[in-house]
Amino acid sequence: MKKYVTILLLLTGVLLFGRESSSGRAIPDLKIKLLNGKQTSIHDLLKDGPLLIDFWATWCKPCKKVMKHLDRYHQAYGNHGFKVLMINQDTPRSLGKVKSYIRSKKHTFYVGLDPNQETAKKLNGQIMPTLILVNRDGTIQWRHQGYVPGEEVEIERQIRIALGMDIQSDSPDS
Amino acid sequence: MIRKILYFAFTSLVWADGIDYNAAITVNYGDSYDFYSYTENRFDLNLFYNNVQAWVQYEYSNPPEIGFSINDIRKFRIEYKPLDFTIKLGDIYEFWGRGLVLNQFDDQITNFDNGTRGLFLGYSKGPFTINHINGNTDIWQLGNDLRIPYYKHAHNMYANQVQYELNSLSLGFTQLHSKETHQKIFGEAFVNHKLNGIYASWTGENADLFLEYADKKATEKTNIIENIPHDTLKNGYGIYSNLNIYLGNWGLSTEYKRYAFDRGYSDFTVDDYGNQINFQTMPTLVREQNSTLMGRVTHQYNYNDERGVQFALNGTLPNGYYLLAQYSQLSRNEEWQSVTSINWNGSTIEGYLPSSDPSAIPYWENYQEMNGYHFDDKLYFKLGRGENYEVLELMRYFEGEGESITENWVYTDSIEWDNGWFYTDSVLGSIDASNYSIEAKLWQESRSITFPFELSYTFDNGYSVGLNFEYQERKIRNVTRGNATTFNYSDSTWLLVNPENPDTSFIVYDTQFSDGDKQYNTQFNRMISLTLSKASNWSVTLSHDQTNAFEGQRSIDPYYNPLEALVYGDIKYFTGKRDKSNPPGFIQKRWVSVKIDYSLTPSQRISVQYGSIQGGLFCSNGVCRIIPPFNDGLTISYTAVF
């Protein structure tokens, strides 16, 4: 019986949500505490342009791999108003390591802190990495779970779509 | 029934005007040849309407991988945030400071949930923040069963926090009071816990500092008559500090902790209560490893009685290589002496640092890592090295003076009978006493060294290949040391192994690794996994885990599955010439699995895994759990966010 319930739920999910059904939905204006101690909110970060949110932790291997590319896009498209917000989910016990890691990697993107996963639960970002690309008007353009090498190409394509740029032309930093 | 009505009321709001929502489905299914089966289905729904936010989680799990079966609303919360106020009703998860008084989370991997079902009131204006929590919490702990919790610790609690922030400075006061009904091995105890804490932090451009102190008092209600004062049970305290220094793209992180909520030379059980409560989940000061083999040998945290230091240096070289070097050392707060074989005395370790004496149950670890990219960031590599040492158990530990007494008797009367003389009386002529040193020690220690290695290459067409390899050498042995092993209660002394020569001392190492009748001094573990992936679509990973010996009982793989036969090239298996229910011997020390991850859409992901997984120690969020082996089975995971 339970096996069939599982299969039924799985099929329901696939059939009902088999398209990118979160696209176009508005993102809530959640408050974010940044690594530098300042407070901001998602809507504040959207004032100048699109925002890419990513959930990560210092122990998450694929998260660290995608960070390198996200920081590159944060710098490359920054003058178009684009920003990357990396929301850290390390527990309060290991918060001390976060700043040290970010500085050693010279990352320049925004780093938010979410040690009890409150923001992650509200945005369904508990699977790491989870990327949420938000348009300037606050609507979600694209969501993605996980990372395998090579996916940075699709990430950049989505950023360019959000910025209304030609997706075929070279990226500004190339 | 009311919960189900509430759930459907929540769900129907999705179609209401002006309400934003998001939702997620999580499905986990597993079924192994040796009856390790589980079915977990969770549905999370978040609603947002102006200043109101709501969250509900419905779960149908029968049974879950760990925990109780459920077909109901598992969690819910409504939040209202007018102006500077926050009101939350439902399941509350908060953390204050670094968790010496309160750190709440719900970790379903280890089935640890210390959230409070109740009310949260918060006020924040300018530099001031005031928070209050009030409600009930049921925290469950595992007993002998590795999957179904047994011990229930029910808390009726309230807690308060006041925080003041001024530029780079922050100062906070915390207080928590809980009335606990604590389930023991037999019966229950009624305990009051009172915690008071203070923390401060400073953030600068090139350094930051955090300090926290918590004081705890526990009283036990030992009399059913309410008028009788409760008895003092335990007093304790905890200290944590963290100093980070940054220089360019290099960072040095230093941590110190001293948790003294209880004291003991052995593991604490559910019958040791009144000490640290599960609202207190504090920094552990060991590295949270992301290597499978290193994770299996990590230190099992002790929040009750432990002090330690940790240093971590990380930075980037000019060529972009990232370097990390970490060291931590811990021990109990006391060094212990077994005055008899069952009576132990503890003496506080002088100073602030941990002890390396085996009687203080020490642990140390160091880890070094280098990783980087090559060939236009297409090639990624990681090289690591981790080493640790731990005293796992203290069975006897005595070092001191012993006295040998020899009585010299003189015969004073005798009789002759049957051509022989027999002595009939005697007196004590003299007593010879001699002093000598006694050393009677027995402890169990573990030592391991691990080398994790990772390599991946990404091609221009979106394909990538990856190789993960981990190699580990591990020793677990009982160490017997000294010149005595047994305590004689009639003489109140440790008995010398060689009374004729008290100076004869010995040291014996007794390995704990074996495979059947054969003993091994060293356990060798190797884990290799190969991954082929296509960006944004799928990845396939083949994993092979291997050991040569077991600690304690050998695990039994009851079935020879086709994946194992395929990997080892056993053609006879596929021609029907193998007995699948009687696997060859080498299979018992190897675990093979294949995992396919497929992205149905960017927000839908399915994972299918087949094969066997070796169990072992797994730690997450500062909570450790022994995972049972999963033999010859299928697991399916599906997540969707919409």
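The values are calculated or read from the model by the stated rules, or taken from the named source; none is laboratory data. Just so we're clear, the structure is a prediction, and the values are computed from it rather than from any experiment. Quick reminder, even Gly has a Cβ in these numbers, built from the backbone with ideal geometry, and neighbours come from all protein chains shown.
If I ask for residues that are under 18 Å from the mean Cα position of the chain (by Cα) and either assigned to a helix (DSSP H, G or I) or farther than 24 Å from residue A:123 by Cα (or both), which ones from the stretch A:81-108 would you list?
From the stretch A:81-108, those under 18 Å from the mean Cα position of the chain (by Cα) are A:81-90, A:98, A:102, A:107-108; that's our starting set.
Listed by number, the residues that qualify are A:98, A:102.
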Residue ID - farthest from the chain's Cα centre (by Cα), chosen from residues in the stretch B:432-457 that are away from every other protein chain (no Cβ under 14 Å) and farther than 30 Å from residue B:391 by Cα: B:432
Breaking point among (1) crowded, with 18+ Cβ neighbours inside 10 Å; (2) at pLDDT 95 or above, for residue B:479: (1)
Residues being within 14 Å of chain A (Cβ to nearest Cβ) and modelled with pLDDT under 90 - total across the stretch B:529-586: 3
Evaluation of residue B:325 against (1) more than 24 Å from the chain's Cα centre (by Cα); (2) surrounded by fewer than 18 Cβ atoms within 10 Å (Cβ to Cβ) (one fails), failing number: (1)
Count - residues of the stretch B:559-579 that are crowded, with 17+ Cβ neighbours inside 10 Å and not in a loop (DSSP other than H, G, I, E, B): 3
All positions within the stretch A:123-132 that are surrounded by 21 or more Cβ atoms within 10 Å (Cβ to Cβ) and within 10 Å of chain B (Cβ to nearest Cβ): A:123, A:124, A:125, A:130, A:131, A:132
Residue ID - nearest to the other protein chains (Cβ to nearest Cβ), chosen from residues in the stretch A:83-111 that are among the β-branched types (Val, Ile, Thr) and either in contact with a Phe, Trp or Tyr (Cβ under 9 Å, 6 or more places away or on another chain) or buried (at least 20 other Cβ atoms within 10 Å of the Cβ) (or both): A:91
Strands (runs of 3 or more DSSP E) fully within the stretch B:243-349 counting 3 or more residues that are out of contact with any Asp or Glu (no Cβ under 9 Å at 6 or more places or on another chain): B:250-260, B:305-316
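Enumerate the strands (runs of 3 or more DSSP E) found wholly within the stretch B:580-642, keeping only those where 3 or more residues are in the same structural domain as residue B:555 (by TED's automatic domain parsing), crowded, with 20+ Cβ neighbours inside 10 Å and not basic (Lys, Arg). Full working, then the answer.
Numbers: elements: B:590-601, B:604-613, B:616-620, B:623-627, B:630-641.
By residue number, B:590-601, B:604-613, B:630-641.
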Cβ pairs under 8 Å, 6+ apart, first in the stretch B:291-320 and over 30 Å from residue B:359 (Cα atoms) and at the interface with another protein chain (Cβ under 10 Å from one of its Cβ atoms), second among the polar types (S, T, N, Q) and part of a loop (DSSP other than H, G, I, E, B): B:315/B:249; B:316/B:249
Odd one out for residue A:59 among (1) out of contact with any Phe, Trp or Tyr (no Cβ under 9 Å at 6 or more places or on another chain); (2) more than 22 Å from residue B:456 (Cβ to Cβ): (2)
Residue within the stretch A:4-16 that is touching a Ser or Thr at 6+ places or on another chain (Cβ under 7 Å) and at pLDDT 85 or above present: no
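Take the conditions surrounded by fewer than 24 Cβ atoms within 10 Å (Cβ to Cβ) and of a type in the set (D, E, K, R) and apply them to residue B:288. Does it pass?
For residue B:288, the condition - surrounded by fewer than 24 Cβ atoms within 10 Å (Cβ to Cβ) and of a type in the set (D, E, K, R) - is met.
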Selection within the stretch B:113-149 - assigned to a loop (DSSP other than H, G, I, E, B) and buried (at least 18 other Cβ atoms within 10 Å of the Cβ): B:114, B:115
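Yes/no per residue for (1) at pLDDT 80 or above; (2) away from chain A (no Cβ under 14 Å); (3) buried (at least 16 other Cβ atoms within 10 Å of the Cβ):
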site	(1), (2), (3)
B:339	yes, yes, no
B:358	yes, yes, yes
B:366	yes, yes, yes
B:403	no, yes, no
B:417	no, yes, no
Some residue of the stretch A:152-166 being facing chain B (nearest Cβ under 9 Å), more than 22 Å from residue A:47 (Cα to Cα) and touching a residue at least 12 places away in the same chain (Cβ under 8 Å): yes
Complete set of residues in the stretch B:446-476 that are within 14 Å of residue B:292 (Cα to Cα) and of a type in the set (S, T, N, Q): B:448, B:450, B:468, B:472
Number of the condition not met by residue B:359 [criteria: (1) part of a strand (DSSP E or B); (2) touching a residue at least 60 places away in the same chain (Cβ under 8 Å)]: (1)
Residues (hydrophobic (A, V, I, L, M, F, W, C) and surrounded by fewer than 14 Cβ atoms within 10 Å (Cβ to Cβ)) located in the stretch B:182-206: B:185, B:186
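Test residue A:40 against the stated conditions and say whether it is among the hydroxyl-bearing types (Ser, Thr, Tyr) and within 13 Å of chain B (Cβ to nearest Cβ).
When the stated conditions are applied, residue A:40 does not pass them.
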Of all residues in the stretch B:147-182 being among the aliphatic types (A, V, I, L, M) and at pLDDT 95 or above, the one that is nearest to the chain's Cα centre (by Cα): B:154
